[in-house]
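Q: Structure below; questions to follow.
Derivation of every value follows stated rules applied to the coordinates shown; laboratory data play no part. Here the structure is a predicted model, which means the values were calculated and not measured. All Cβ positions, glycine included, derive from the backbone under ideal geometry; neighbour counts span all protein chains shown.
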Amino acid sequence: MDADGLRVERHGPVGWLVFDRPSVGNAMDAAMMAALPGAWADLDADPAVRAIVVTGAGRAFQTGLDVAQLSRDPGALREMSRRTRRADLRLTAWHCGVGTPVVTAVNGVCAGGGLHFVADSDIAIASDRASFLDPHVSVGQVSAFETIGLARRASFTAVARMALTGAHERVGAAEALRLGWVSEVVPAAGLRAAAQRLGELLARNDPAAVAATKRALWDALERGLSEARGIDR
């Protein structure tokens, strides 16, 4: 494990960004949050990397902020609070303006801030052991950025239920597939191979066309349908 809790790998044309703090559910501490923008930038700038997979080590995918660690680091906690208030997050590929296509491979529990990485990925797949929940309201916090992003792309009602039930309900992998949060569910033992295979499929295509298509699709989520298609009504 790297000191910042992230592991960056390259396997052929596929770059991997692995959360590697399994003893705490891969929760994000100050070091990991500080390292994420640079890790995304390095992979995005590498011409040999044509797709990026983000996943977790161990039984969890990503469980949001490591509140215990941040409570021991007042400076980091203040900085995270400031960034949250200003919507100046720098965690995901979308936050960091990554042009390379990103596959999120949810290997286990995806909770709270971990939902950012599903909402902001281009393609998400999951292990049959994956589960999704948003405990914010159960600890007196507002659920906002992660669930807004997820609701924008798929199934508002289900996202609202997850956000409002908090820690008391989980969405399983099969249900996430039905809702369109993920595009594929595979046996846990085959998740990494499936993600690598998907990344290699993306890498076969013209990189400029892939990047332009990615921009157009995300732009369509930001704007109205006619405006996104360049139609003047």
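Q: Work from the charge dipole of region 6-204 (Cβ charges, +1 for Lys and Arg, -1 for Asp and Glu, about the Cα centre) and give the residue of Val8, Met162, Val106 farthest towards its positive end.
A: My answer, from the dipole projection, is Met162.
Q: Please work out whether region 84-146 counts as rounded, prolate or oblate from its C-alpha gyration tensor, where a ≥ b ≥ c are the square roots of the eigenvalues and a/c under 1.5 means rounded, while otherwise a/b larger than b/c means prolate and anything else oblate?
A: Oblate, because a/c is 1.5 or more while a/b does not exceed b/c.
Q: Given charges of +1 on the Cβ of Lys and Arg and -1 on the Cβ of Asp and Glu, with all other atoms neutral, how large is the dipole of the chain about its Cα centre, in debye to the nearest 20?
A: 340
Q: What relative contact order, as a whole-number percentage, does the chain give when Cα pairs under 8 Å and 6 or more residues apart are counted?
A: 18
Q: Follow-up question, since we're still on this one. Once you place label points 7 Å from the Cα toward the Cβ at Ala45 and Leu201, how far apart are they in nm?
A: Placing both labels 7 Å beyond Cα along the Cβ direction yields 3.1 nm.
Q: Let me ask you something else. Indicate, rounded to the nearest 5 percent, the antiparallel portion of the DSSP beta bridges found entirely in region 6-204.
A: 30
Q: So which trypsin sites (Lys or Arg not before Pro) in region 38-78 pass both tests, a DSSP loop state and at most 16 other Cβ atoms within 10 Å of the Cβ?
A: When the trypsin sites (Lys or Arg not before Pro) of region 38-78 are filtered for loop state and at most 16 Cβ neighbours within 10 Å, Arg59, Arg72 remain.
Q: Then there's this: Would you calculate the volume per residue, in Å³, of the smallest convex hull containing every Cα atom of the chain?
A: Considering the Cα atoms of the chain, their hull volume per residue is 130 Å³.
Q: Only sites in a loop by DSSP and with at most 11 other Cβ atoms within 10 Å count here; which trypsin sites (Lys or Arg not before Pro) in region 136-206 make the cut?
A: Loop-located and lightly packed - Arg204.
Q: Additional query: Of Ala51, Ala216, Ala158, which has the largest mean-square fluctuation in a 10 Å C-alpha GNM of the chain?
A: Ala216
Q: Another question about this same structure. Using a Gaussian network for the chain with springs between C-alpha atoms less than 10 Å apart, which of these wobbles most: Val106, Val210, Val159?
A: Answer for the Gaussian network model of the chain: Val210.
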